[in-house]
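Shown next, in structure tokens, is the structure this report addresses.
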Amino acid sequence: MKIKLYLFTAIAMILNSFNLQAQSGAKKVLVVYYSYSGNTRIIAEQIQKGTGGDIFEIQPVNAYPKDYQEVTGQAKKEINEDFRPALKTKIKDINKYDVIFVGSPCWWATMAPPVATFLSSYDLSGKTIVPFMTHEGSRMGHTESDIKKLCPKSNVLNGLPIRGSRVKQAEGEVMKWLKDIGMIKK
Ligand SMILES: Cc1cc2nc3c(=O)[nH]c(=O)nc-3n(C[C@H](O)[C@H](O)[C@H](O)COP(=O)(O)O)c2cc1C
């Protein structure tokens, strides 16, 4: 009887692991984000929790000024000039990932410059890029088409925009979206 129970449990565990792999497509997921004031980080953590992927924070060598007027001025100039700020760290083995979630605050209707640096620093050909963004009205802006220009050989999905003021209540929406696009862990 005991042996039967052990066998049954073992078979159930194996079937469950196949099921999990089938649902996630056994794809290796990385969640990458930049966050200036913390909102995008909260969504990145929710996506990490849902997908079970690895998480990586993009950090510029020179942090942006804390003053709102200053940062908006600097951001506008950098975006207009296509400036790519240097980043603090590099991902060693990006090749092992199939799906890369890329998160940014909406800055002047596009991604923040450190995210553009990230996307220009690696060969992401053949990978699926899933953008997400926090904003205060512009939603994704023209981020998806800007990412396609930087990564023409990647499969860029439509992004998820979340209003910055409601990131803490967004987990349900994030999980539903992950399910809809076939990226949820379970
Ligand atoms: C430099 C700068 C530019 C911004 N530009 C926009 C914008 O064009 N459209 C918008 O909806 N929100 C804009 N915002 C608001 C942010 O996108 C929003 O507060 C976001 O949730 C911040 O995310 P974070 O906390 O991860 O940095 C801007 C904020 C900053 C600091």
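The values are calculated or read from the model by the stated rules, or taken from the named source; none is laboratory data. Owing to the predicted nature of the structure, the values given are computational and were not obtained by experimental measurement. Note that each Cβ is placed from the backbone with ideal geometry, even for glycine, and that neighbours are counted across all protein chains shown.
Some points to look at:
- Per the conditions (1) aromatic (Phe, Trp, Tyr); (2) more than 10 Å from the ligand (Cβ to nearest atom); (3) crowded, with 18+ Cβ neighbours inside 10 Å, the sole criterion not satisfied by Tyr122 is (3).
- Residue satisfying all of: in segment 25-42; more than 10 Å from the ligand (Cβ to nearest atom) and surrounded by fewer than 19 Cβ atoms within 10 Å (Cβ to Cβ); modelled with the lowest pLDDT among these: Gly25
- Of all residues in segment 147-181 being within 10 Å of the ligand (Cβ to nearest atom) and within 16 Å of Gly50 (Cβ to Cβ), the one that is farthest from the chain's Cα centre (by Cα): Val167
- Residue list for segment 43-76, restricted to those being within 18 Å of Glu173 (Cα to Cα) and either surrounded by fewer than 20 Cβ atoms within 10 Å (Cβ to Cβ) or at pLDDT below 95 (or both): Glu45, Gln48, Lys49, Gly52
- In segment 98-132, the residues that are over 16 Å from Asp54 (Cα atoms) and β-branched (Val, Ile, Thr): Thr110, Val115, Thr117
- Take the conditions (1) under 21 Å from Val61 (Cα atoms); (2) buried (at least 18 other Cβ atoms within 10 Å of the Cβ); (3) away from the ligand (no atom under 14 Å from the Cβ); Lys92 misses just one of them, which is (2).
- The requirement of being surrounded by 23 or more Cβ atoms within 10 Å (Cβ to Cβ), over 21 Å from Gly53 (Cβ atoms), in contact with a helix residue (DSSP H, G or I) (Cβ under 6 Å, 6 or more places away or on another chain) and not small (Gly, Ala, Ser) is fulfilled nowhere in segment 133-146; no residue meets it.
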